[in-house]
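Peer 1: Below you'll find the structure I mean.
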Amino acid sequence: MLIDSHAHLDSPRYEDDREEMLRRAAEAGVGAVLAIGIGEGPAEMHQALDICRLFNNKPGMPKLYASAGIYPHNAPEADDAALQKLDNLLAQPEVIACGEIGLDYYHEGAAHPVQKEGLISQLLIAAARKRPILIHCRPKDDATDAWDDLFEVLEEHWAPTGLGGVMHCFGGGWEQAKRSLDLGFLISFAGNLTYPKAQPLRDVASRVPLDCALVETDAPWLAPNALRGKRNEPAYVTQTAQNLAELHNVSPDEVAAATTRNFARLFNLPLGMGN
Ligand SMILES: [Zn+2]
């Protein structure tokens, strides 16, 4: 069984075929999907949970879990009401993670200090609710500024909780991977691992111990190379898992087993938590 550790199942791009899309994932061997609850902003933060509840009682589906969080560029919307909503969502048993939260210096948007403040407010809520975090970190081109700021925040405000988290759609170098591992984070690889120009990322992935790795789609974005430019979906996480298996010279089944174990360990779930 494989787990897609990060998919935006609430995307309007699945409006017409969400149920069939999830069935395809189950048929491809995807036993569980973590649906990311950020929407287009805090007003839509609950949508991932709604989707979990809608589909989790239907047969032939992967088991769905949800997250909730305020994306870095929505940090200006992280007012008291939004943070209260986040807290309420994190209290729900299906909402196992807070995210994706973090720092994005790549796109123009929220000012960096505002992003940092939004991140820290959410770390406090996630810590109180004992939910691991899903981190989005994207520096400007070849800079490491966002990573440096991120680690500073996490070392001060998150490391003491011991709750850990996931570096989602990891795109850093070995130094950032090593610092993430030292913080007790799992490193999640997405479809961009399969892109021809991603050799530096593959070099990093081959050094990340399999017992600290996850795979994800970040669907509907980042379709793996064979389907690049198309709408992505959880079924295609198999291609990233295959790639990671090749990098570690193991079978895809071994990657599936390891990443499933890692997911269960981080979120305190029973090993057979999928469908
Ligand atoms: Zn995402």
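Peer 1: Just need a number here: residues in region 220-254 that are touching a helix residue (DSSP H, G or I) at 6+ places or on another chain (Cβ under 6 Å) and in contact (Cβ under 8 Å) with a residue 60 or more places away in the chain.
Peer 2: 6
Here is a yes/no grid of residues against (1) surrounded by fewer than 22 Cβ atoms within 10 Å (Cβ to Cβ); (2) over 22 Å from residue 22 (Cβ atoms); (3) within 16 Å of the ligand (Cβ to nearest atom):
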| position | (1), (2), (3) |
| --- | --- |
| 169 | no, no, yes |
| 196 | yes, yes, no |
| 200 | yes, yes, no |
| 267 | yes, no, no |
| 275 | yes, no, no |
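Peer 1: Continuing with the same structure: I need a count of the residues in region 225-234 that are under 20 Å from residue 31 (Cα atoms) and either of a type in the set (Asp, Glu) or more than 16 Å from the chain's Cα centre (by Cα) (or both).
Peer 2: Here is the first cut: in region 225-234, the residues under 20 Å from residue 31 (Cα atoms) are 232-234.
Checking the rest, the ones that are also either of a type in the set (Asp, Glu) or more than 16 Å from the chain's Cα centre (by Cα) (or both) come to 233.
Matching residues across region 225-234 total 1.
Peer 1: Would you point out the residue of region 235-263, among those that are under 17 Å from residue 64 (Cα atoms) and under 15 Å from the mean Cα position of the chain (by Cα), that is nearest to the ligand (Cβ to nearest atom)?
Peer 2: Ranking the qualifying residues of region 235-263, first place goes to 237.
Peer 1: In region 48-95, which residue that is among the aromatic types (Phe, Trp, Tyr) and touching a residue at least 60 places away in the same chain (Cβ under 8 Å) is farthest from residue 150 (Cα to Cα)?
Peer 2: Step by step, filter region 48-95, then rank; the result is 65.
Peer 1: Could you list all residues from region 146-157 that are closer than 22 Å to residue 190 by Cβ and out of contact with any strand residue (DSSP E or B) (no Cβ under 7 Å at 6 or more places or on another chain)?
Peer 2: Of everything in region 146-157, those that are closer than 22 Å to residue 190 by Cβ and out of contact with any strand residue (DSSP E or B) (no Cβ under 7 Å at 6 or more places or on another chain) turn out to be 151, 154.
Peer 1: Any idea how many residues of region 208-237 are part of a helix (DSSP H, G or I) and surrounded by 21 or more Cβ atoms within 10 Å (Cβ to Cβ)?
Peer 2: Initial filter on region 208-237 (part of a helix (DSSP H, G or I)): 210-212, 225-227, 234-237.
Pick out the ones that are also surrounded by 21 or more Cβ atoms within 10 Å (Cβ to Cβ) and you get 234-237.
Total meeting the criteria: 4.
Peer 1: If you don't mind, another one. Could you please find all residues in region 11-33 being within 16 Å of the ligand (Cβ to nearest atom) and more than 23 Å from residue 77 (Cβ to Cβ)?
Peer 2: 14, 33
Each reported figure results from applying straightforward, stated rules to the coordinates on display, with no laboratory input. On a predicted model such as this, the values are computed, not experimentally measured, just so you know. Positions of Cβ are generated from backbone atoms using ideal geometry, with glycine treated the same way; all protein chains shown enter the neighbour counts.
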